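To start, the structure under review is shown below, and the notes come after it.
The values are calculated or read from the model by the stated rules, or taken from the named source; none is laboratory data. Not measured: the values here are computed from a predicted model. Virtual Cβ from ideal backbone geometry, glycine too; neighbours counted across all protein chains shown.
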Amino acid sequence: MNTDYKNIDKLLNKYFEGLTGLEEEALLRDYFASDDVAPAHEPYKALFGYFNRERQIRNPQRFTLPKAGISRRFYMAASVALFIGLGLVWLLQQNHHQGFDLNGTATHIQISNPNPEKQKEAGKELKKFTRNVSEGLDKTGTLSLFGQTTQKVFNLKTTKK
């Protein structure tokens with residue numbers, strides 16, 4: 001086998017950098033399987049000999065990969081969590097609508113602290129809170145008016161539900 005040793009050096013460098021193709025690797029295998037190996041390349045002969053021997057080995061048993069996928073239990077747990085979350089949201093909305101009505105009607109809140117000073121203080125804080133929420137709702141009404149005006153200006157058509 002008449003071999004250009006400089007070419008083999010270049011192929012070895014490309015091989016160890018992972019840049020060789022199948023044809024170049026076949027050239028290297030053939031070179032190291034031959035008896036015409038340069039003394040500088042002798043350390044690599046054992047490596048490529050090992051690769052050739054290992055390519056010959058076959059597994060007698062058939063190997064199957066396990067199916068990848070999410071189990072049925074995961075989907076069931078996710079759906080249960082979703083229903084519980086939706087139920088909690090619904091309950092919180094129901095309690096919110098029953099507890100506060102800020103459209104000018106009276107709301108009854110019972111403070112369970114027996115200390116009269118604490119009751120007065122809590123009542124003042126609740127009044128501040130409801131006043132702030134009412135002001136926020138009034139400003140939200142202004143935003144609604146702004147939205148209606150922009151719909152008229154830009155001739156936006158909306159569907160009523």
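Observations on the structure shown:
- Contacts under 9 angstrom Cβ, first residue in the stretch 35-56 being touching a residue at least 24 places away in the same chain (Cβ under 8 Å), partner of a type in the set (A, V, I, L, M) and surrounded by 10 or more Cβ atoms within 10 Å (Cβ to Cβ), 6 or more apart: Ala38/Ile8; His41/Ile8; His41/Leu12; Tyr44/Leu12; Tyr44/Leu28; Tyr44/Val37
- Arg58 vs. criteria under 30 Å from Leu28 (Cβ atoms), basic (Lys, Arg), at pLDDT 75 or above and in a loop (DSSP other than H, G, I, E, B): yes
- Restricting the stretch 8-26 to residues that are farther than 13 Å from Tyr44 by Cβ and under 40 Å from the mean Cα position of the chain (by Cα), the residue that is surrounded by the most Cβ atoms within 10 Å (Cβ to Cβ): Thr20
- The stretch 96-133, subset within 39 Å of the chain's Cα centre (by Cα) and surrounded by fewer than 10 Cβ atoms within 10 Å (Cβ to Cβ), residue modelled with the highest pLDDT: His96
- Residue within the stretch 48-59 that is surrounded by 10 or more Cβ atoms within 10 Å (Cβ to Cβ), touching a Phe, Trp or Tyr at 6+ places or on another chain (Cβ under 6 Å) and farther than 30 Å from Val133 by Cα present: yes
- Test: residue in the stretch 35-48 that is of a type in the set (Ser, Thr, Tyr) and outside any helix (DSSP H, G or I): no
- Some residue of the stretch 69-76 being of a type in the set (Ser, Thr, Tyr) and part of a loop (DSSP other than H, G, I, E, B): yes
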